[in-house]
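What follows is a short report on a single structure.
The values are calculated or read from the model by the stated rules, or taken from the named source; none is laboratory data. Note that the coordinates shown come from a computational prediction; the quantities given were computed from them, not determined experimentally. Glycine also receives a Cβ, built like all others from the backbone with ideal geometry; neighbour counts cover every protein chain displayed. Side chains included, ligands, DNA and RNA excluded: accessible areas come from the protein's heavy atoms. Shrake-Rupley method; radii C 1.70, N 1.55, O 1.52, S 1.80 Å.
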Amino acid sequence: MPTISRDEVAHLARLARLAVTEEELDLFANQLEVILTSVARVGEVAAADIPPTSHAVGLTDVFRADVTRPGLTQQQALSGAYATEDGRFRVPRILDES
Amino acid sequence: MTRLTRWSAAELAARIHAQDITAVEVIRAHLDRIAAVDPALHAFLHLDAPAALAAAAAVDDGLRRGDPPASPLAGVPLALKDVFTTVDMPTTCGSRILQGWRPPYDATVTRRLRAAGVVIVGKTNMDEFAMGSSTENSAYGPTRNPWALDRVPGGSGGGSAAAVAAFEVPLAIGTDTGGSIRQPSAVTGTVGVKPTYGGVSRYGLVAFSSSLDQGGPVARTVLDAALLHEVIGGYDPLDSTSIDAPVPPVVEAARAGATGDLTGLRVGVVSQFRGDGYQPGVLRAFEVAVSRLRELGAEIVEVSCPSFDHALPAYYLIAPSECSSNLARFDGMRYGLRVGDDGSRSAEEVMSLTREAGFGPEVKRRIMLGTYALSAGYYDAYYGQAQKVRTLIIRDFATAFDQVDVLVSPTTPTTAFRIGERVDDPLAMYLSDLCTIPANLAGNAALSVPAGLSDDDGLPVGLQVMAPALADDRAYRVAAAYEAARDGADGGPLAQRVPDLEVAVR
């Protein structure tokens, strides 16, 4: 039975870029353990020689004619931005000091 | 004129195209109905009455000029699930992180609806990013079930199903990743179809689990669903998983099915989808539905699909895994919410604060679950094993469809549950999708058609019909035949027996 600690949830939250609260750590540790215990049942299936399926329909490369077609204008692309500057997305500094 | 709202889309379209009534009268009647009942239901997140009236007027103008209707549904009102992009309306996916977001492009489904002259009234409520089975995970509050206002309308497409069931619109669009069209349809007494994966374009459908997501129609009759299916379906070069083949002849199949003869058709009853955990009234309604199919000439056989027992756990690994990747795009940088950008925090800190504030608990649970399942060390045991189960489910379907033409089961194990009943118990909520998930994992076509009321609580039950990939028409034929027989036996369509909400509201 999988067990998932509070620290592991904190690690997952960091990986997933979720600044979860202390209360959420307790709640999610509990709930994720219940869910993982249930979904771990997939392991009951003897499937060593079964190929995995990532997609229900066979994926093949799709090509299109090599012709230009209009994309979004700069204005459209920026239309939902929280902040813009000089016609670009303005974002917070990208380097952490630590 | 309010009775206009009781008509089917096919009837409305015929009268509009014959110029007996105008599309403007039709949209007005529906807008009046929405104004009267939506305060109690909360099916809509956004309404655009002026745009709807203008779109309807354009249809009327064309008809007056003598132009042929743009499609068999030109002039008919429709509600669009708020997960499809629309340039003229916000697209929130039921999430705070996209509150007020106006996309710069239309989804292919949106574009096809507009081109067909279908009048888009507004955007419907949904579980956040389509994750849920009750619409309670919407950041904007739950939708209520028109059959009993203290009950959920199912999910994630509860808004679309409730809007159709309550006569706010005759048609709606939903999306079905694990049952989000079919389960809401079952618990609201409407028809909901998950087309074959790749049958309806996903371009502009905000992705939850890309290998499973599929848009499809919601209606009150099988024929209406088929008419809508043909408007939105078909190849789209903008979706790399779109099937480059003609749309199955679903309208023809619905019309043929309605004549009520299923002689020679082999129907398999899935033996895994009965027993413990199923509401007795749901099972009794299902048995009655199966005996009707037999009376229509179908041969009924029991079919075992042993891997279906593992479909639910496989789904709750695959869908969260894909979601953890897809939802990484909501980073607060290019569009949507941004929180904590005070000039000192880094992009990464802002990103984490934004996602924490913008996502609700179910979305966070699934993102973390997916992150876990895809982690080195756990990948083989969880995600890898789930993908193998997926193969076994596809094989079970293939074996079953060697013996029978369609498979049937209850759409969901219970009738509509009470608001709040499962919200703190994710696993109990997940069980709502028990019977619908296999068709998503295998990619084949499946639908839910109303199968009367459960005799223990008087609430709607759905009959699920599953057909092979690209044989969507077969499911429509069976559903239409069943619908005609059921209406004949009951003295009228189930959908017309929904309580009169305008009275309830007062």
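Laid out as a table, the results:
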quantity	calculated
Helix-derived mean residue ellipticity, 222 nm - over chain B, DSSP H n ≥ 4, -39500 (n - 2.57), to 500	-12000 deg cm²/dmol
For chain B, alpha-carbon Rg relative to the globular expectation (2.2 N^0.38 Å, N residues)	0.91
4 °C / 1.567 mPa s Stokes-Einstein diffusion coefficient of the range B:111-259, Kirkwood radius on C-alpha pairs, µm²/s	85 µm²/s
Rg/Rh for the range B:114-168, where both radii come from Cα atoms and Rh is the Kirkwood radius	1.03
The range B:196-280 - Rg over Rh from alpha carbon coordinates, Kirkwood radius	1.06
Shielding of B:333-339 by partner chains, average beta-carbon count, 10 Å	5
Relative contact order for chain B, counting Cα pairs under 8 Å that sit 6 or more residues apart, in percent	18 percent
Buried solvent-accessible surface, both chains (A, B), 1.4 Å probe, Å² to nearest 100	5100 Å²
Dipole moment magnitude, nearest 20 debye, the protein assembly as shown about Cα centre, only Lys, Arg, Asp, Glu C-beta charged	960 debye
Förster-model FRET efficiency, 45 Å R0, A:Asp26 and A:Ile50, C-beta, rounded to 0.05	0.75
q = 0.15, 0.17, 0.19 Å⁻¹: log10 I(q)/I(0) that the Debye formula gives for the range B:414-506, counting C-alpha atoms only	-0.79, -0.95, -1.07
Packing-based order for A:75-86, B:365-376, using average beta carbon neighbours within 10 Å, highest first	B:365-376, A:75-86
Separation of alpha-carbon centers, the range B:91-107 and the range A:1-58, rounded to whole Å	28 Å
Two-site label geometry, B:Arg294 and A:Glu85: point separation in nm, points 7 Å out along Cα→Cβ	7.4 nm
Residue of A:Arg17, A:Arg88, A:Arg64 that the Gaussian network model of chain A assigns the largest fluctuation, springs spanning Cα pairs under 10 Å	A:Arg88
Within straight-line cross-link reach of B:Lys388, aspartates and glutamates at Cα separation under 14 Å, skipping those fewer than 8 residues along the same chain	A:Glu44, A:Asp49, B:Asp309, B:Asp380, B:Asp396
Radius, Kirkwood style, for the range B:271-334 when every pair of distinct Cα atoms is counted (Å)	15.5 Å
Semi-axis lengths (Å, descending) of the ellipsoid that matches the C-alpha gyration tensor of the range B:82-184	21, 16, 11
FRET efficiency, A:Asp66 to B:Glu11 (Cβ-Cβ, R0 41 Å, nearest 0.05)	0.30
Using alpha carbons only: equivalent-ellipsoid semi-axes of the range B:363-437, gyration tensor based, whole Å	27, 24, 6
Proximal charge balance of B:Ile120 [Cβ under 12 Å; K/R count +1, D/E count -1]	+1
Candidate aspartates and glutamates - alpha carbon under 16 Å from B:Lys123, same-chain residues fewer than 8 apart omitted	B:Asp38, B:Asp48, B:Asp82, B:Asp88, B:Asp106, B:Glu168
Total charge dipole magnitude, the range B:122-197, about the Cα centre, Cβ charges on Lys, Arg, Asp, Glu only, Debye to nearest 20	160 debye
Whether the range B:157-204 is rounded, prolate or oblate, judged on the alpha carbon gyration tensor where a/c under 1.5 counts as rounded	prolate
Semi-axes of the equivalent ellipsoid for the range B:205-354, Cα gyration tensor, largest first, Å	43, 23, 14
Accessible carbon and sulfur surface of the range B:112-229 relative to its total accessible area, %, 1.4 Å	54 percent
Calculated diffusion of the range B:142-224, Stokes-Einstein form, Kirkwood radius summed over Cα pairs, 4 °C and 1.567 mPa s, µm²/s	104 µm²/s
Positive minus negative residues near B:Pro184 (Lys, Arg vs Asp, Glu; Cβ under 13 Å)	+1
Convex hull per residue volume in Å³, alpha carbons only, for the protein assembly as shown	163 Å³
Size descriptor, Kirkwood hydrodynamic radius, that averages inverse alpha-carbon separations across the range B:1-83, Å	13.2 Å
Relative packing of B:19-32, B:73-86, B:382-395, which averages over residues the other C-beta atoms within 10 Å, highest first	B:73-86, B:382-395, B:19-32
For chain B, with +1 on Lys and Arg beta carbons and -1 on Asp and Glu, the positive-most of B:Leu113, B:Thr371, B:Val301 along the dipole	B:Leu113
Å² per residue, accessible surface of the range B:227-285 at 1.4 Å	43 Å²
Over 20 Å [Cα-Cα, chain A], rounded percent	71 percent
Value of relative contact order over the range B:139-240, rounded to a whole percent, pairs C-alpha under 8 Å and six or more apart	25 percent
Relative intensity, log₁₀ I(q)/I(0), of the range B:296-384 from a Debye sum that treats every alpha carbon as a point, q = 0.20, 0.23, 0.24 Å⁻¹	-0.95, -1.08, -1.12
Rounded D (µm²/s) - the range B:360-485, Kirkwood Rh over Cα pairs, Stokes-Einstein at 25 °C, 0.890 mPa s	145 µm²/s
Listed peptides B:296-306, B:136-146 by packing density, highest first (mean Cβ within 10 Å)	B:136-146, B:296-306
Check: the range A:20-98 dipole with +1 on Lys, Arg Cβ and -1 on Asp, Glu Cβ, in debye	640 debye
Qualifying aspartates and glutamates (Cα of each under 16 Å from Cα of B:Lys194; at least 8 residues distant if same chain)	B:Asp176, B:Asp213, B:Asp224, B:Glu230, B:Asp433, B:Asp472, B:Asp473
